[in-house]
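Right, one structure below, let's go through it.
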Amino acid sequence: MAGKSIQQFLATARAAVRSGLKSTATKILLVTGNESADLDSFTSSLLFAYLTDATADCSRDKSIPYDSIIPLVNIPREEVSLRPELHYLLARLKIPESDVICKDEFLSSIDTSKTDKVDVVLVDHNHLLSDLGDLFGNNVVALLDHHADESLYPSAKPRIIAPVGSCTSLVVNYFADYFRISPDEFSVSEEKKDVARLALAPILVDTANLTSKATQEDKDAVATLISVIKSGTAGAVDNQEEYYTALMTAKRSIDSFSLHDIIRKDYKEWLEGNGLRVGISSSVKSLAWTVQKFGSDRLKKDIDMWAKERKLDAFVFMDSFQDPEEGYRRDLLVAVCSEKGNSRVRKFLDAAKTELKLEPFSEKDGVAIQSSEEERLWCWKQKNLKASRKQVAPLIRQFMQE
Ligand SMILES: [Mn+2]
């Protein structure tokens, strides 16, 4: 079996997008992650698209009724540069950055008046938002995710939502047959090892190398991938710890970023049925680092500007980082951005204080930004370390929806 490598698959898909997908005969399967376009979203979509194609090639009846399978990075091209960990992973796998397919490139390649030509697979989210949602919200045919279930697309097949550490684990386990090493196989191909290396990256990052948030599914997926990567070698070629450390170092390399970039880098936004909008930024650097680098006035001003740009009613800035003394830490900053948001944010805060175990900063934390009733902005240490944006978003949205 001489299948396409993952690099060749992506280059082919990118070429199809470049030459245009407007032909009426073209039936497209679009596989997209969420709008944070983190490693998990990037990898889940590429992996699902590639394995859908690769496993169809293997079967005798070519039963996949698509002319093109497109893995999509759900951000405009210009935002790719805000993801140093993606840059690192692509370089390590020798995938040209120009081969990844971004949202703006895809949308200008298709005839947006013929949306019935596009079937959609959602990975790493279960609600297709913004312009993609407007265009293809009725075309979701499959979904695999690990966020709170919004009970949409009941006919999607498969429809797998499970609270695993990384959505990529769900994709790996869904395609377990592809990774299974048959007893007569002496060593798997380098092509397949690269697929496993790709899949391993987000799982290690999302579970801190299986030390946090890892479920049995994540552990099973990692065991599967490692056995593929190590097959036929003495085991010294790939080092899991080194891989994890290199990915995390890349992910934290944001020293050259502007504050505006830090705010928009890992950002998600929700528009509720009543027209209220909340945005949540997540940062790999502490609030203290951010305030020290840019100043509290500048931070407040940039939050203000961002809220206006995005028409927000509430804004949340979350961080997670390693404190040299206290270990793993989280902080939470919450800002009211409109009159409508005011009472709702306050109700959220009442609930969040216990739910997220919020505590005021102490002198030694050195965070030179003060909660201010007048400015309607508050910040805390978040002692509930398990609550990431996956938990914080549904909590604040519940009050925004009222
Ligand atoms: Mn994810």
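The values are calculated or read from the model by the stated rules, or taken from the named source; none is laboratory data. On a predicted model such as this, the values are computed, not experimentally measured, just so you know. As a convention, Cβ positions derive from the backbone with ideal geometry for all residues, glycine included, and neighbour counts pool all protein chains shown.
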Would you please name the residue that is farthest from the ligand (Cβ to nearest atom), looking only at residues in the range 158-184 that are touching a helix residue (DSSP H, G or I) at 6+ places or on another chain (Cβ under 8 Å) and among the aliphatic types (A, V, I, L, M)? ILE181
Can we say GLU325 is exposed (fewer than 13 other Cβ atoms within 10 Å of the Cβ), of a type outside the set (Lys, Arg) and assigned to a helix (DSSP H, G or I)? no
Out of all the residues in the range 165-220, which are in a helix (DSSP H, G or I), more than 21 Å from the chain's Cα centre (by Cα) and not acidic (Asp, Glu)? ALA176, TYR178, PHE179, LYS192, LYS193
Note on the range 124-139: residues touching a Leu at 6+ places or on another chain (Cβ under 6 Å) and more than 16 Å from the ligand (Cβ to nearest atom) are GLY137
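Per-residue answers, yes or no, for (1) surrounded by fewer than 22 Cβ atoms within 10 Å (Cβ to Cβ); (2) more than 24 Å from HIS127 (Cα to Cα):
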site	(1), (2)
LEU170	no, no
GLU190	yes, yes
VAL222	no, yes
LYS230	yes, yes
GLU242	yes, yes
SER253	yes, yes
GLU272	yes, no
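Yes or no, residue by residue, for (1) over 20 Å from HIS147 (Cα atoms); (2) in a loop (DSSP other than H, G, I, E, B); (3) among the polar types (S, T, N, Q):
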{"site": "LEU225", "(1), (2), (3)": "yes, no, no"}
{"site": "ILE229", "(1), (2), (3)": "yes, no, no"}
{"site": "THR233", "(1), (2), (3)": "yes, yes, yes"}
{"site": "GLU242", "(1), (2), (3)": "yes, no, no"}
{"site": "MET248", "(1), (2), (3)": "yes, no, no"}
{"site": "HIS260", "(1), (2), (3)": "yes, no, no"}
{"site": "ARG264", "(1), (2), (3)": "yes, no, no"}
{"site": "GLY275", "(1), (2), (3)": "yes, yes, no"}
Return the residue satisfying two criteria in turn: it lies in the range 134-163 and is within 17 Å of the chain's Cα centre (by Cα) and of a type in the set (Gly, Ala, Ser), and of such residues it is surrounded by the most Cβ atoms within 10 Å (Cβ to Cβ). ALA148
Residues that are modelled with pLDDT of 95 or more and within 16 Å of the ligand (Cβ to nearest atom): list the helices (runs of 4 or more DSSP H) wholly contained in the range 1-94 that include at least 2 such residues. 39-58, 84-92
Of GLN322, GLN382, which residue is under 27 Å from ILE254 (Cα atoms), touching a residue at least 24 places away in the same chain (Cβ under 8 Å) and not hydroxyl-bearing (Ser, Thr, Tyr)? GLN382
